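Heads up, the thing below is written out as structure tokens.
The values are calculated or read from the model by the stated rules, or taken from the named source; none is laboratory data. All values derive from a computational prediction rather than experimental measurement. Cβ atoms come from the backbone with ideal geometry, glycine included; neighbour counts cover every protein chain shown. Remember, those area values only see protein heavy atoms, side chains included, never the ligands or the DNA or RNA. Shrake-Rupley method; radii C 1.70, N 1.55, O 1.52, S 1.80 Å.
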Amino acid sequence: MKIAVFPGSFDPITIGHVDLVTRALPLFDQIIVAVGLNTTKKYLFSLEQRLAWLRQVFAGYPNVRVDYFENLTAHYCQRIGARYLLRGLRNGSDFDYEKTISQLNHIVGGGIETVFFIAQPELSHISSTIVREIIVGGGNAALFIPKEIKIPTEFKRL
Ligand code: ADP
């Protein structure tokens, strides 16, 4: 069984993430969208909220599972028997960052391969970071997030 892990913070999930998963589905038997917990990172949304949104968004996809993990992505992959990682490339800075991580995961994870998808041109400006800025700044992020996601009102005006 070909399993790919799509790791990320998903703080919150965007239509860019969904696009990546749907494009990768024909390549794998199962895709596990996994929230990686980094103790040093500050998140806008709780783990429970991010997982609930991911579950809602991928509810209609039988080959997609939602999970979370602590510590190294490569060790999580080994634990669940996934030999592939899924990541997206929007621009050169994504590439520089992802190249090193992918090489490390290949070594640490005993041959795990990262499969990269180039962002669609109409989605390549979308990131969780800009979505968070729009939400915190009181703007409307609806154009960038899946329709299932309703941002709590307390985030609309700070
Ligand atoms: P991280 O916290 O690791 O940056 P993110 O949740 O921000 O995780 O992103 C997870 C993955 O999704 C990354 O590989 C990123 O490149 C990819 N990604 C995010 N937005 C897009 C997009 N608009 N198009 C394609 N890939 C994207």
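Just the residues that are crowded, with 19+ Cβ neighbours inside 10 Å and either within 8 Å of the ligand (Cβ to nearest atom) or under 23 Å from A141 (Cβ atoms) (or both), please, taken from region 23-33.
Across region 23-33, the qualifying residue is only V33.
Residues in region 39-69 that are under 18 Å from L85 (Cα atoms) and either acidic (D, E) or within 12 Å of the ligand (Cβ to nearest atom) (or both): how many?
2
May I ask you to list pairs of residues, at least six apart or on different chains, whose Cβ atoms are under 8 Å apart, with the first in region 111-124 being more than 28 Å from A141 (Cα to Cα) and the second being of a type in the set (D, E) and within 11 Å of the ligand (Cβ to nearest atom)?
Close Cβ pairs satisfying both conditions: T114/E98.
Run down T114, T129 and say which single residue is of a type in the set (V, I, T) and open to solvent by less than 40 Å² (accessible area, probe 1.4 Å).
Numbers: T129 fails: open to solvent by less than 40 Å² (accessible area, probe 1.4 Å).
Sole residue among the options that is of a type in the set (V, I, T) and open to solvent by less than 40 Å² (accessible area, probe 1.4 Å): T114.
Which of the residues belonging to region 117-126 are open to solvent by 40 Å² or more (accessible area, probe 1.4 Å) and farther than 19 Å from D96 by Cβ?
Correct list: Q120, P121, E122.
With respect to E98, determine if the residue is within 14 Å of the ligand (Cβ to nearest atom), free of Cβ contacts under 8 Å to residues at least 40 places away in the same chain and surrounded by 15 or more Cβ atoms within 10 Å (Cβ to Cβ).
Numbers: within 14 Å of the ligand (Cβ to nearest atom): yes; free of Cβ contacts under 8 Å to residues at least 40 places away in the same chain: yes; surrounded by 15 or more Cβ atoms within 10 Å (Cβ to Cβ): yes.
Spelling it out, E98 is indeed within 14 Å of the ligand (Cβ to nearest atom), free of Cβ contacts under 8 Å to residues at least 40 places away in the same chain and surrounded by 15 or more Cβ atoms within 10 Å (Cβ to Cβ).
Considering only region 13-22, how many residues are of a type outside the set (S, T, N, Q) and more than 9 Å from the ligand (Cβ to nearest atom)?
Keep residues of region 13-22 that are of a type outside the set (S, T, N, Q), which gives 13, 15-21.
From the residues that got through so far, the ones that are more than 9 Å from the ligand (Cβ to nearest atom) too are 18, 21.
Number of matching residues: 2.
Considering region 67-81 alone, what residues qualify as being within 13 Å of the chain's Cα centre (by Cα) and either exposed (fewer than 15 other Cβ atoms within 10 Å of the Cβ) or closer than 14 Å to L104 by Cβ (or both)?
Once the filter is applied, which keeps residues that are within 13 Å of the chain's Cα centre (by Cα) and either exposed (fewer than 15 other Cβ atoms within 10 Å of the Cβ) or closer than 14 Å to L104 by Cβ (or both), region 67-81 yields D67, T73.
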